[in-house]
Structure formats: C-alpha cells, structure tokens
Amino acid sequence: MVGDTIWFKAYVTIGSKHQLSALSGAVYVDLYNEADSLAQSLKLPLVAGMTKGSFVLPDSSSHDGNYRIRAYTQWMRNSDPAFFYDKILGVGNSVANMSFCKISYEYSKDGAKDVVTAVLTYSNDKGEALSNRKVDYALFENGYEKVFSGNKETDNYGQLKIKLQGGKSGKLQDKHLTAKLQTREKDIVVKDFAIKSISTQTDVQFFLKVVLW
C-alpha cells in the first residue's frame, strides 16, 4: 500500500552453481514507479554475497499502480539487462480505490509467428476476483501513439486476455498498456503496465535472487 515500506533481502550467486558469490562488492536496486520512471535507487554493500534494504513509499509522492524493482551488480552489466532481477509489484491505495490488478504473460505460436498474450487479473482488497467487469484497454508506444485498443469483460476468475501487437516497430518492448475497469459503482479504475523485456524464448540463468517481505 501507499505509505508502506518494501523490505527485501538479496542473494548474489554464481549462476551455474547457485552458490553465494564474492565476485561483487555491491548490488544496485532500483525502484520504478507507476509511470515506469526511476523513483529510488540504492547501492548496498554485499557481505558474503548477501545484503538487505528497503524502499519507503511516502504518502506525499507515491501513487497506486504497478511498480517495478530491478536489481543487478556491476559485473552483471557486462551481460544482457534481460538477466537482471526484475519484478513487478502492485501497490494499492486503501483510500483511493480497493481494486487491484496484476499482469502476466502467455507465449504461443501462430504458424511461424510468436504470439504474446497479456493476462490481467483483477481482485478486491480481500483477494476476491472482480468478475464480469467491463475493461477498456489500449496499447501505446512512444508515450502517446496508440497501437490498438478494445474492450472485454473479466471472466469468473477476474481475468481477461489481450493479444499484444508490435505496432510500427514490430517490437513489444518499451510500450505500455492502459486498462480502465468499471466498478459496480460506475467508478473507473485506471491501471498502467509497462511492457518491458518479454520474450517467447526460454533462457534460464540465475544471477541474483531478491526475496521481498
């Protein structure tokens, strides 16, 4: 919730062996806000491959939405940023609204073409599914250019699926999806999701583990 503190502990490991690594002396942890802009950044010393820290979400400057935590070491910068620790967290506002939404992705094939489907899951503050709710959605690139739009209703599990399109660039990275859900009280709840490094190809490598509590 807005006003809360995000606590975390980080483990830096040797990817192939999953053993704690002494190769790096510090880990960098970035917090991106609901607009996917860098809100806070920490440089934390590593002791035997471990460290811990926190981010405060102040009432005065934080808003509800989907935040992103990214963590990496200087050594990891030699590789592709897709291998950085990267996790989306839903941050709510108990005063503003009681609707929550998280995003996940499904990957499939249409002939030789890769298909990426965004799965939005809506729930209330009790974790109950917000089913049969109308959602208007649109995908944007370059901040404001609309790639496509549409509307659907959530199913019995509070979910709806949207097939993503690449637009002019043909790529999904660096776009954002806006979804507007209509509540039973006719209020509109707006959620924005930054579409970042998503891939249809599985490449499992482990460099950094961050545990949140």
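The values are calculated or read from the model by the stated rules, or taken from the named source; none is laboratory data. This is a predicted model, so every value here is computed, not measured. In this analysis, Cβ positions are derived from the backbone assuming ideal geometry, glycine residues included, and neighbour counts consider all displayed protein chains. Ligands, DNA and RNA are stripped out before the accessible areas are found, and what is left, the full protein with its side chains, is counted by its heavy atoms. Shrake-Rupley method; radii C 1.70, N 1.55, O 1.52, S 1.80 Å.
Computed quantities for the displayed model
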item: With DNA, RNA and ligands ignored, accessible area of residue 9 (1.4 Å probe; Å², nearest 10); result: 70
item: Percent of Cα-Cα distances greater than 17 Å, calculated over region 2-55; result: 45
item: Rg/Rh for region 1-97, where both radii come from Cα atoms and Rh is the Kirkwood radius; result: 1.02
item: GluC sites (Glu not before Pro) restricted to DSSP loop in region 115-177 with at most 13 other C-beta within 10 Å; result: 128
item: Local net charge near residue 2, Cβ-Cβ under 9 Å (Lys/Arg +1, Asp/Glu -1); result: -3
item: C-alpha center-to-center spacing [region 99-126, region 1-67] in angstrom; result: 25
item: Computed label-point distance, nm, for sites residue 7 and residue 151 using a 7 Å Cα→Cβ extension; result: 4.4
item: For a label point 7 Å along the Cα-to-beta-carbon line of residue 102, residues of region 58-90 with backbone N under 19 Å; result: 64-71, 85-90
item: Entry for Rg and Dmax of the Cα atoms in Å (calculated from the structure that is shown) out of (i) 27.3, 99; (ii) 18.5, 55; (iii) 22.9, 74; result: (ii)
item: Sequence of 109, 134 when ordered by accessible area, the most exposed leading, probe 1.4 angstrom; result: 109, 134
